[in-house]
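Note sheet for the following structure.
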Amino acid sequence: MADLDAKRTAVARTARGARYGSGTLVRRAGPNGDTWIAKWRDGGRQVQRGLGFVHSKKHPDGLTRAEAEAALGKLREQVAIERAAAREAEAKRALEDRRRTLAQVGEALIAAKRAAGRKPSTIEAYSYWLRIHIIDYFGPTPVYEITREDVRGFTAALERKGLAPKSRANALGTLHSLIEFAVDEGWTSGENPVKRVEKPALATTDPDIHFLETEEIEALLRAVPDDPLGRVERVMYLTAAMTGMRQGELFALRWRDVDWSARRIRVRRNYVRGEFGTPKSKRSARSVPLATRVATELELLFQDSARKRDDDLVFAHPETGNPIDRSKLLKRFKAALRRADVRAVRFHDLRHTFGTRMAAQGVPMRVLQEMMGHRDFKTTLIYADYAPSDREAGWVEQAFQAPEVEAPTAAAAR
């Protein structure tokens, strides 16, 4: 009975409260003593805060009712000031967000891409289109004010600059990404105005793959200058044509990646826009077969090199040990083609040379996809036209074979 009476007394004390303006002062029972609880409504929300222990023998420093009522008033005033400051700060942030320009959005997007570990080449592409074309046209216009008509005007301005359809499409794609990022961050709302703007019609690409015949490869190799840099370039050209490695993968190739005993080259890195990184895609990290001729040439290059450590570059500049300057390499490559009297092709067409030769040897397309490191099988299928097709030709001949004519019998002849 004593316990029950104590509980009833505690509940009664908790229920009693003193009104102070629009707030309520509640005395709540607790195991360590009674406490004062302040309650009031602020902007439609109920606020509840503890003020401290009730003055008693157990808590002589606690608050009397008058002191609790005064504390309630001060607390309500303090909370009101804090909430007003928070609302003001939020309104200021919202105003700043609405004033964000594409330059500011681009800066935030690039930072997010970099933090996500995107490749330097991807970051550089965003930066280029933003800096050279997008900011130049839109200037300080807030992103939320950009309309579909503005985007159409942007595409027209790019065309007046003389940009090719592919370049205009890239610029529009970057603009779309910027505005989409702003939508995700809450800096603008509504539909992305780039979505419904007609994209530039891309020029029809040449359906033919450009590659070198075996005789042309040999002529090219003979035409490479016999100087220190030329000796590196000649082996690089041969390796490109007989492995299908990309230019950036060749630039980043280390001696540790060449496995003479297993007759494989392991592609683990690339070198693009002055930085080493991972290969183009997950499938690009692969190993490619090392033919005897390439293995021999790489061995001779290794013996002639002054840098033989595992992490030293295979196709390094002979004087510095650094990657060869790409623009200088391309100029010397084109000059060698002219000296060899070989039709002009791109360095990348050495990769196509490998793809077409392998397809012509009957290598299955799925195997060729792995050898070349294509992410999408459709990309590999461009070499399908060069695969042997004797069986298919036989099917056609059988389907259209003329029916045999029976020789006339003696009776029919009479």
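Tabulated results
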quantity: Residue that is in the same structural domain as Leu109 (by TED's automatic domain parsing), touching a helix residue (DSSP H, G or I) at 6+ places or on another chain (Cβ under 7 Å) and part of a helix (DSSP H, G or I), where the choices are Thr239, Thr155; calculated: Thr155
quantity: Filtered residue count, region 240-272, keeping only those that are of a type in the set (D, E, K, R), more than 17 Å from Val345 (Cβ to Cβ) and within 22 Å of the chain's Cα centre (by Cα); calculated: 3
quantity: The listed residue being over 46 Å from the mean Cα position of the chain (by Cα), touching a residue at least 24 places away in the same chain (Cβ under 8 Å) and surrounded by 11 or more Cβ atoms within 10 Å (Cβ to Cβ), out of Ala80, Ala70; calculated: Ala80
quantity: Residue in region 334-348 that is outside any loop (DSSP other than H, G, I, E, B) and under 20 Å from Arg254 (Cα atoms) present; calculated: no
quantity: Filtered residues of region 123-145 (kept if under 19 Å from the mean Cα position of the chain (by Cα), surrounded by 18 or more Cβ atoms within 10 Å (Cβ to Cβ) and either hydrophobic (A, V, I, L, M, F, W, C) or assigned to a loop (DSSP other than H, G, I, E, B) (or both)); calculated: Trp129, Leu130
quantity: First in region 214-225 and surrounded by fewer than 14 Cβ atoms within 10 Å (Cβ to Cβ), second anywhere and in a helix (DSSP H, G or I) and small (Gly, Ala, Ser), Cβ under 7 Å, 6 or more apart; calculated: none
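The values are calculated or read from the model by the stated rules, or taken from the named source; none is laboratory data. Note that the structure is a prediction, hence the values are computed from the model and not measured. We place every Cβ from the backbone using ideal geometry, glycine too, and count neighbours over all the protein chains shown.
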